[in-house]
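Data block below; observations after.
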Amino acid sequence: MLKYFLILAAACLPFSLQAQTEASDINVVIFAPKAEDKPAAAGLPSCNQAPMLAAVAAEIGEYQQAHPANSIVNRRKQALMIKNLKDFEEIPVADFDNSANYEVARELVMTKVNYRISEENMRLCRGNSDIYLLIYPEGHGFRVQILNFIPAAANGNEFSIFYADEQPEIKNDAAEENAAAENTVPAVETAETPVTETEKTTE
């Protein structure tokens with residue numbers, strides 16, 4: 001009986017070694033680590049990006065000038081609103097409480113549906129004056145919607161600005177042209193002063 005088991009074990013030994021070799025070969029296969037996906041919102045401007053907030057303040061200032069306040073109290077409110085447009089905090093879109101602000105909640109839904117923007121591609125910022133900024137990609141820049149400032153129309157909020165991180169080169173070209181113009185001496189100054197008839201007689 002013992003001899004039978006020894007023969008059986010010897011017969012199975014090559015298969016066992018082959019299985020271990022195959023398993024060993026599988027274990028040594030190393031896959032390159034998968035690159036960590038960069039959040040889409042990482043490319044969006046931060047809630048406290050100074051140039052963007054300056055553009056927002058300018059847009060609100062133009063609206064206030066076009067729609068002046070009818071009382072001293074309201075004018076002070078407008079001035080205070082502009083002053084407070086410097087500090088915003090980010091609120092994750094997925095964590096936004098719809099009951100906190102109906103207008104903002106509606107705009108989030110309309111932006112997702114109408115423009116097919118996912119939550120990962122949106123950034124929501126809330127300011128001290130209860131003004132919200134909704135930022136998402138558009139073209140080669142970003143659309144910044146200013147929410148809870150004026151009543152939104154039935155088809156959605158239309159009060160917004162287009163913002164791009166890179167400033168156009170036009171300003172630099174204009175500055176170079178102005179500098180060149182300042183360094184150019186007018187032809188009138190370089191021309192010789194004509195001799196009058198009186199001077200000719202004197203000579």
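Select from the range 78-127 the residues that are closer than 22 Å to Met52 by Cα, of a type outside the set (A, V, I, L, M) and without any contact (Cβ under 8 Å) to a residue 24 or more places away in the chain and write down the one among them that is surrounded by the fewest Cβ atoms within 10 Å (Cβ to Cβ).
Per the stated criteria, the residue is Lys83.
Scan the range 53-77 for residues that are aliphatic (A, V, I, L, M), in a helix (DSSP H, G or I), in contact with a helix residue (DSSP H, G or I) (Cβ under 7 Å, 6 or more places away or on another chain) and without any contact (Cβ under 8 Å) to a residue 40 or more places away in the chain and report the count.
1
Within the range 126-162, which residues are of a type in the set (S, T, N, Q) and within 12 Å of the chain's Cα centre (by Cα)?
Scanning the range 126-162 gives a single hit, Gln145.
Quickly run through the range 131-184 and pick out the residues that are closer than 21 Å to Val56 by Cα, open to solvent by less than 90 Å² (accessible area, probe 1.4 Å) and modelled with pLDDT under 90.
Once the filter is applied, which keeps residues that are closer than 21 Å to Val56 by Cα, open to solvent by less than 90 Å² (accessible area, probe 1.4 Å) and modelled with pLDDT under 90, the range 131-184 yields Asn148, Phe149, Ile150, Ala152, Ala153, Gly156, Asn157, Asp165, Pro168.
Taking only the range 39-77 into account, find how many residues are open to solvent by less than 50 Å² (accessible area, probe 1.4 Å) and over 22 Å from the mean Cα position of the chain (by Cα).
Of the residues in the range 39-77, 3 are open to solvent by less than 50 Å² (accessible area, probe 1.4 Å) and over 22 Å from the mean Cα position of the chain (by Cα).
The values are calculated or read from the model by the stated rules, or taken from the named source; none is laboratory data. Here the structure is a predicted model, which means the values were calculated and not measured. As a convention, Cβ positions derive from the backbone with ideal geometry for all residues, glycine included, and neighbour counts pool all protein chains shown. Heavy atoms of the whole protein, side chains included, go into the accessibility calculation; ligands, DNA and RNA do not. Shrake-Rupley method; radii C 1.70, N 1.55, O 1.52, S 1.80 Å.
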